[in-house]
Structures are given as C-alpha cells and as structure tokens.
Amino acid sequence: DVPKATEPRGDGDGPRRGSLCDRHCAAINNAQGDLGDPGCHLHRPRVPPAACPPSCCQQHSEEVCESCVVKTTLTAENAVEANKLSNNYKFGFKKWKSHVTARPWEDRSEIVKELYSDLNVVRGSGGSTVTCGNILYLLLFGWWLSLLYVLVAAVMFVTIVAAPYGQLCWDLAGYFLWPFGKVIQKVEVPKSCRALGAGESTALLGGSVSHRWHPPCWADAGHWQRAGAAAWLCLGYPVLALAHGLVCVAAWLLVVLIPVAKLSARTATRVLLLPPERVLIRRLRMTEVPLEGEVILCCYCAANPYYYKYAVDGINVFAVNLLPLVLVTLVLGYVDSHNRLTSSPVKFTLALLSIMPLSYYIGMAIASISAQSNFAVGAVVNATFGSITELTFYITALIKGSREGNRCYAEVVKSALTGTLVGCVLFVPGLCMVIGGIRHQEQRFNSRSAGVSSALLFLSVGGVFAPTLFSKVYGKLVCGECHNVTQNPLGHYLCHNCHFDLMDNNGTLYYSHVQPLVYTVSLLLPAAYLIGLFFTLKTHSHIYDIHISDCHMPGHHHSAVVHWSRWRALVILLLSTLCMSACADLATEHISPILTNSTISQYFIGVTVLAMVPELPEIVNGIQFALQNNLSLSIEIGNCIAVQVCMLQIPILVLFTIFYPTNFTLVFSDLHVYASMFSVVLMNYIFMDGKCDYFQGTVLVMVYFILLAVYFFAPSPSGC
C-alpha cells in the first residue's frame, strides 16, 4: 500500500549493486541529494548513472554499496503514521503492519476501493457474469432465497391487500436467483393511481419494466396501502429479514463472499422497506449513459479474493470475525463449569483460538498508543504490555500447577518458552524468507541492526541456560530404575528416568548455589535489555538510519484521522488484557485432560500449540513485511520476541515465584538446551552476510520441523 518510486531497471531481474553506488555517488556530488533532506524523495529528480564520475564509483565500489543497503527512507501520509513507521524500526517496540490512521481515499488502489463500494455503482460491461464465485452463490444461497421469496409472494397474494408486495416478492425471487448484471432502482411514482403500461421499455436499459399490481381507482388508496403494509410487516418482512440476516452472517464469516453480505444487508434495510411501487428491477444491457433514478443495488460478482484486506474501523476482517468466538468461549467456560454442554478439550481449543484475536487487539492498541505518544510513553507501553499475552498464560498455568501440586504445568511452561524461542528464531524468519523469496529473488536487510539482536540473543540464551549447565556439573545424577544387562554385578547397567537431583542434603546445592545464580541471572538479563535499548535508541540510533518523508501530492489532506484515539486504545488494551486473562485461565483449567490422556508428548504440545498460537498475528505481520521486500522488520519481529522471552518473560516468572511459590525452576531439560543453542547458532550463521533468499529460509523452516519431530517422539518429562 505504500507508494514507491518507479526506477528504470537494467536487464537483470532486480536492482543491481551498481545502481546503489550511482545513487550514493550522486548524493556525494550533490549537497542537496542526501536521503535525509526534507521533502518527498519520490519527487526528487534521479541523477542518471552517467552523471556519476567513474572514479567515485570505483573508489566506493564495495563500502558504499554496503552502506546504501542499510539506508531506509520511509513515506508516510501524516505525522502519526510516520511515528508508527519509525517505531517499527526501534528495538523493543512492537512491529505493526496495519495503518493506525485512515488512509486518504485517493491514495488507495482501485482494488481496495472496490472492496468498500456500496454495490450501487453501475459500470461498463466487464465480461460474462458466469464465474466460480457467482455459481457458488447460486449453490449456497441463491436457490433457497428465490424459493423463499416465491412462498412469501404466494402468502401476500392470498391476503389480497398485500398483493403489491406479492408482486414485489415475485420479482425479487428472480433477482436473487441470479442478481448479477441486474439493478434495483428507487423511482418516483406519480400521485395519480395510473398504473404503468405493460411492456413499457426504455432505450437506456433495453429491457421491459416489471408489471406492477395496483389497486383499482375506486378503492380507498390510503386505507388499502395501510392494510397491505400491515400485512407485509407482520407476515412477509420478518421471514425475509431473518433469511437475509442469516445469509449476511454466513457470507461475512466466509470473508470472500462479503459482497453477498452487503447485498443482503442492503436488501433488508432498504429494498424491503420501500413501497412496492417505488422499487424497479431491471436487467442491464447498456450502461454507457448514467441511469435515471437512484440505484439501490447493482452487483456483478459474489466473491472477491482480495477481501482479506478489508478492515472495519482499522480492524482486519478476520479479527472482527473471531471476536464473537471470545464471547462464546467465556460463556461456555464459566457458565458450563461442569462440562454438560461441551468437553474440556473443546473448551481448551476455543480458549486457545480466542487468544489470536485478543493478541491482535492488544498489538493494535499498543501501536496506536505508541504512534500518538512520545518516546517515553511508547517505550513504557511496549515494555509493559508487549509480552502480556504469553505471561498471562504462563502465570495462570503455574498457579494452577502449584495448587494441584502437579509438576507437569511447570514443564509445559518451560516447553512453551523454548518453543517460542525456537519458533521465533527459526520458523518466523524462515517462513518470511520463503514467502518473500517467491516475489523477490534476493532480499537484503540491515545486518548491523540484526547483529545487535543476535548479540543480545546469544547473551540471553547463555544467561537463561547457565543454571541448567551449573546443575549438570554439580548436581547428583539420580535414576528411577536400572537393570543389569550383563548379569554381572560389576557389569553395565541400563537406567531410565535419570535426572540431576539438586535437593540432595536437604537442598543445600539448590538453595545455596543454584537459586542465587538464578536470581543473579534474572537481574542481569533485564539490565542487559535496558542497555540494548539505550544503545540502539540513543547512542547508536544511526545503525537503523531511518528517514521519514511526507510524500503527499499537492492538494492532499495531511491531517491524521486515527482509527483509535489514545483513550479508546487504552480502554481496548485493558479490556483485551482482561479477556486474555480469562481465556488463559480457561485454557489452563481444561488442559489437564489433554496432558494426562493424550498420547502426544507434553513437550510437543508446549513447543507447538502453546508457543506459536499467540504469535500468529506477529507471523502475519512478518509475512506482510517480507512481501513488501522489507525483510529487516520480518527478522526483527522474531528476534525481538525471542529476546523478550529470555530477558523479560523468564525474569518476570522468576520474580513471580518469589512472591508466589510454584514448581517453576530455571533448570531446563537437555532437549531444550540443545534445541535453543543450535537454533541461535544457525540463525546467526544465516544472517551473517546481510542478504538471503528462499533457499536459506527453507533451511530454517526444515530445521524447525526436524526439531518438532524430535519433540513429537520424545517421551514426556518425568513426573507427568
């Protein structure tokens, strides 16, 4: 959606390194040509490569090209949107793709404009109306809607006084069987009771006017119409309004059939409430001349695959459709506490799915508040609510495990933490590379900014797993059962369920050595996170080299119309957090049967479902950035989440255990340690050169699936 400059290309498939050198050389030779200059860079004349002296490009052949890669100039419609774009590149801030302000209508593409049309625009002939989407409408809705109109028409004719409405229903039966290429108009009728002549036609439309039944001239027209309207509102309209309501809801939930939802909503609210003599249904044949009278409905296609972009007040249509799921989850979870209506696995699934739209609303609220506030407020909001989704689930799970004395909940939390770390390091950037590589042959990103996140990730992983390594060095190995495989007392023994016991000698090792180490690490990791914020946002902010330019054409409006004000975003943020807490409580309440009765390892449940479902909105944002050739943000999304897991979420959980004792200890299994360290090393190796393609993304995704297979076949942790 962001307007981009069109630059001439060479014979290659993409922009060449030489063109970067040419632009940099032009900037060197021209003092006004720097990217940081105010004004719109799209309207700045481009210096041709020939204007650049050969000596300049030879002198800066490699260093210049590498420096040009990290320079990023962004265009924004207004100051609020510019602030949001700038926040996307700041370390520790939530990366958000969607607009927080309403985009000017003139800046939108024709495809997007068509999504928001009211189905009352008559356009030229666009070919045949027999399409797959229209046939799908006929099979799903058209045939039974038409039949229902025929039945209602029969009832209206029986009442005699409502016969005009019966004629209208008869005409609408043919319309809704195949509404494409037809138009419904609101016409003005003369006050006299003269009926329209049969077969009256118009050269404009080339079709005949529908026959209309009118009361005789000797009848009391006012009394007749009132009686007919009463019969219609009592017998006909409620049935049809209910049918159109069902069609509207079903079509809206299918997203691609939103035009059908608009068609039904407009029919129920306008067409069926008009007097029948003022409704005219015609088939279009010639549309070169504007139609006479108001056009109420004119539909050409029932399906549009681009409706995934549709938004209601800035909220994506999928998030809107999933919002009722949250209400259903809360009602079933707290009203049906004895599982009379649904089972625990169903409630757990609903609670987990409800986390997705709530995560979207929390992300949208954080981005809106940060874009409309200063840096300090944005940093506080991001640090406070950036990890609220995951922390809510982890804390409720630990509380439930502590109350029941069940260690499985603590192991599931550790698996979810490791799954989030591994998924954000391997799966999120890998998937973005693969999808972005389909459109772009090679993608480049800011290797210096990625290096900062990688360094913090190395530090955080080392700190998080330091108590685990310490316990393996000094802990006592205890095994559940051992068997002599050689029948010799001095022979070899085969042992199962072995682990390092830290509670030997009344827990001296744990309380005197491991626990102080855990507290020390939990203090150092947030301190390192703050230092990383200060480094990237204050002293070395030039690493990102972000420039915001206003790129509106003259005459466009620059005032920002925000979707959510700061107070509205704050209220939505608090309500979403409250609902998130309730859904997390329901998920942990009904996860116990799954952990005990499932044949799948608890490790696998934690690293997949519990870890990645809350991150789905972030994954979608990363994919959208990659498709726009902005892989830097796609990588930063995964890195920032992984860093926050180690440097914020885990220390907060350790701090929570101080005030509320639980079974959570910062000692992980060997599988978690090896998977996390291998993932971080591989990620740093892939991101070393600052460029990537779909093959490298495939490698990351495949390694992630291999680790998932390892977790799937791994035995459940001891004690579960």
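The values are calculated or read from the model by the stated rules, or taken from the named source; none is laboratory data. Because the structure is predicted, anything quoted here is derived from the model rather than measured. Every residue, glycine as well, gets a Cβ built from its backbone with ideal geometry; the counts of neighbours run over all protein chains shown. Just so you know, the surface numbers come from the protein's heavy atoms only, side chains and all, with ligands and any DNA or RNA stripped out. Shrake-Rupley method; radii C 1.70, N 1.55, O 1.52, S 1.80 Å.
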The answer for the net charge of residues other than Ala365 whose Cβ lies under 12 angstrom from its Cβ, with Lys and Arg +1 and Asp and Glu -1, is +3
Checking rank on 317-323, 662-668, 415-421, with mean other Cβ inside 10 Å and highest first, the result is 415-421, 662-668, 317-323
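Mind running the shape call on segment 239-288? Use the C-alpha gyration tensor, a ≥ b ≥ c as the square roots of the eigenvalues: rounded below 1.5 for a/c, prolate if a/b tops b/c, oblate otherwise.
Details: a/c = 3.42, a/b = 1.31, b/c = 2.61.
Note, shape of segment 239-288 comes out oblate.
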So what's the gap between the Cα centers of segment 112-188 and segment 659-720, to the nearest angstrom? 56 Å
With a 1.4 Å probe and all protein chains kept in place, how much accessible area does Glu404 have, in Å² rounded to the nearest 10? 100 Å²
Quick one: Karplus J couplings for segment 109-119, per residue in order, coefficients 6.51, -1.76, 1.60, θ = phi - 60°, nearest Hz, x for Gly and Pro? 6, 5, 5, 5, 4, 5, 5, 9, 6, 9, 6
What is the distance in Å between the Cα centres of segment 440-464 and segment 301-336? 35 Å
Could you rank the peptides 328-339, 619-630, 264-275 by their average count of other C-beta atoms within 10 Å per residue, with the highest value first? 619-630, 264-275, 328-339
Reported to the nearest 10 Å², Lys538 has, with a 1.4 Å probe, an accessible area equal to 140 Å²
At 1.4 Å probe size, with no ligands or nucleic acids counted, give the accessible surface of Arg444 in Å², nearest ten. 70 Å²
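Here is the link list: Lys95/Lys414; Lys262/Lys309; Lys97/Lys691; Lys97/Lys309; Lys113/Lys309. Which ones come out longer than 20 Å on Cα distance? Mind showing how you got there, number by number?
Values: Lys95/Lys414 26 Å; Lys262/Lys309 16 Å; Lys97/Lys691 22 Å; Lys97/Lys309 12 Å; Lys113/Lys309 11 Å.
Cα-Cα > 20 Å for Lys95/Lys414; Lys97/Lys691; rest within.
Around Phe604, under 14 Å between beta carbons, what's the net of Lys plus Arg minus Asp minus Glu among the other residues?
Working: positive: Lys414; negative: Glu411.
Summing Lys/Arg as +1 and Asp/Glu as -1 gives 0.
Assign one of three labels to segment 365-458, namely rounded, prolate or oblate, based on the Cα gyration tensor with a ≥ b ≥ c the square roots of its eigenvalues; rounded applies when a/c is under 1.5, prolate when it is not and a/b is larger than b/c, and oblate otherwise. Walk me through the numbers before you get to the answer.
Details: a/c = 2.49, a/b = 1.40, b/c = 1.78.
The shape class here is oblate.
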Cα gyration tensor shape of segment 331-383, rounded if a/c is under 1.5, else prolate or oblate by comparing a/b with b/c: prolate
So, over other residues within a Cβ distance under 10 Å of Cys248, counting Lys, Arg +1 and Asp, Glu -1, the net charge is +2
Can you run phi through the Karplus equation (6.51, -1.76, 1.60; θ = phi - 60°) for segment 519-530 and list ³J(HN,Hα) in whole Hz, with x for Gly and Pro? 5, 5, 5, 5, 8, 6, 5, x, 5, 5, 5, 5
Order 345-352, 594-601, 390-397 from most to least packed using the mean count of other Cβ atoms within 10 Å. 390-397, 345-352, 594-601
